[in-house]
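Enquirer: This is the structure, below, for whatever I ask next.
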Amino acid sequence: MMTSMLSAADQPAQLSHRALGPQSDYDTVRAALEFIHAHWRQQPALERVADHVGLSAFHLQRVFTRWAGLSPKAFLQALTIDHARAMLRASASVLDTAYETGLSGPGRLHDLFVTHDAMSPGVYKAKGEGLVIRYGLHPSPFGTAIVMITDQGLAGLAFADAGEEAASLADMMGRWPKANFVRNEAATAPCAARIFDTRRWQPAEPLRVVFIGTDFEIRVWETLLRIPLGAASTYSAIACHLDKPAAARAVGSAVGRNPISFVVPCHRVLGKSGDLCGYHWGLTRKRAILGWEAGLAAA
């Protein structure tokens, strides 16, 4: 059990005194431990650690567990918990601790395993001029999904009820009015399927998104990605996390302009009193998404 083992920080020192097994196994485990220590904030998957040490995930799991007495995943969890406890002892908020450590109860913060980039500020200032955005309309658990992609990744995700597709599409196009929009369901279908299929929420298959906004908006959207599945934050808490405690209203505006709904979870932001507040795609849909995610988190 986790409570009976050595702390994660003590593991490398203990391993260095063991004389069991071939030296090559020791070197492999030491390299894996060093990699996990250096990258624990990214919560690396077993496959990533195995690739770093040049083994298959299966082989690393066996070698590591034999030497360390726990699996690479258990070691990573112990290391993360050590850091979380240290932050909480230093009076960090639970929210900041979750942001910094990736802890979210049984799940992970980046439940969609999203990686992201930002377009150059010039693209935003030019209102998307010169940018080709392909879009398509697809069924989703929350109504029709309007999916927009560029060569770099997912750039937009909106929702619409029956009969409101044209209005929602116009809303999205108005964000980058000079972009070249091309309807192409064949191009956007794989992305739509990837987003709503929870079986494909895997670290080996990250979903790449591209942010097109102001520097402040992008910082807010990056913070939204860290709100745990099944949890929620507030505008004021996000403002404090960004070291701008007086900017709750500006944070609210940036949250409202989030162009990548669901994936960048603006629906997880509540008012200071815990009320749902507004949601660009409707409060009924916000309740539905939060309920759906609560079921996933409890599973």
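The numbers here are math on the coordinates, done by the rules we state, and not lab data. All of these numbers come straight from a predicted model, not from anything done at the bench. Positions of Cβ are backbone-derived with ideal geometry, glycine not excepted, and every protein chain shown enters the neighbour counts.
Enquirer: Excluding residues on the same chain fewer than 8 positions from Lys127, give the lysines whose Cα lies under 18 Å from its Cα.
Expert: The reachable lysines, counting only those whose Cα sits under 18 Å from Lys127, are Lys178.
Enquirer: Using a basic spin-label model with each label point 7 Å from the Cα along Cα→Cβ, how many nm lie between Ser56 and Ala187?
Expert: 3.9
Enquirer: Multiplying the sequence separation of Asp197 and Arg41 by 0.36 nm and subtracting their Cα-Cα distance, what value in nm do you get?
Expert: Fully extending the segment from Asp197 to Arg41 adds 53.6 nm.
Enquirer: May I pose another question? Please report, in whole Å³, the volume per residue of the convex hull around the C-alpha atoms of the range 25-75.
Expert: 60
Enquirer: Further question: How would Arg199, Arg287 line up from fewest to most surrounding beta-carbon atoms within 10 angstrom?
Expert: Going from least to most buried by this count: Arg199, Arg287.
Enquirer: Consider a paramagnetic label point 7 Å from the Cα of Ala294 along Cα→Cβ; state which residues of the range 223-244 have an amide N under 13 Å from it.
Expert: Of the residues in the range 223-244, 230-232 have backbone N under 13 Å from the label point off Ala294.
Enquirer: Can you tell me what the convex hull of the Cα atoms of the range 112-158 projects to on average, as an area in nm²?
Expert: Its Cα hull, projected and averaged over all orientations, spans 4.0 nm².
Enquirer: Expressed in nm to one decimal, what extension gain is obtained for the pair Glu205 and Ala74 from 0.36 nm per residue of sequence separation less their Cα-Cα distance?
Expert: Working it through step by step, the gained length comes to 45.0 nm.
Enquirer: Which length gain, in nm to one decimal place, applies between Glu34 and Thr214 when the Cα-Cα distance is subtracted from 0.36 nm times their residue separation?
Expert: Separation in residues times 0.36 nm, less the Cα-Cα distance, equals 61.1 nm.
Enquirer: First obtain the Kirkwood hydrodynamic radius of the range 114-298 from its Cα pairs, then insert it into the Stokes-Einstein equation at 10 °C and 1.306 mPa s, and state the resulting D in µm² per second as a whole number.
Expert: Once the numbers are plugged in, D ends up at 95 µm²/s.
Enquirer: Expressed as a whole number of Å, what is the distance separating the alpha-carbon centroids of the range 121-153 and the range 192-207?
Expert: Using only Cα atoms to place each centre, the spacing works out to 18 Å.
Enquirer: Next up: Can you bin every Cα-Cα distance in the range 220-299 into 10 Å intervals starting at zero and give me the percent of pairs per bin, rounded to whole numbers?
Expert: 19, 56, 22, 2
Enquirer: If amide hydrogens are placed 1.01 Å from N in the peptide plane, which non-local residues have theirs closer than 5 Å to the one on Ser140?
Expert: Those qualifying (amide H under 5 Å, at least 5 residues apart or on another chain) are Ala145.
Enquirer: How big is the gap, in Å, between the Cα center of the range 159-180 and the Cα center of the range 226-299?
Expert: The range 159-180 and the range 226-299 have Cα centres separated by 22 Å.
Enquirer: Using amide H atoms built 1.01 Å from N in the peptide plane, name the residues 5+ places from Asn184, or on other chains, whose amide H lies under 5 Å from its own.
Expert: Amide H neighbours of Asn184: Tyr135, Gly136.
Enquirer: Among the lysines, select those whose C-alpha is under 22 Å from the C-alpha of Lys272, and discard any that sit fewer than 8 residues away in the same chain.
Expert: Lys244, Lys286
Enquirer: Taking the Cα-to-Cβ direction at Asp275 and at His138 and moving 7 Å from each Cα, how far apart do the two end points lie in nm?
Expert: 3.6
Enquirer: For the range 45-57, what does the Karplus curve 6.51 cos²θ - 1.76 cosθ + 1.60, with θ = phi - 60°, yield as ³J(HN,Hα) per residue in whole Hz, taken in order and with x for Gly and Pro?
Expert: After applying 6.51 cos²θ - 1.76 cosθ + 1.60, I find 6, 4, 4, 5, 5, 4, 4, 5, 9, x, 10, 6, 4 Hz.
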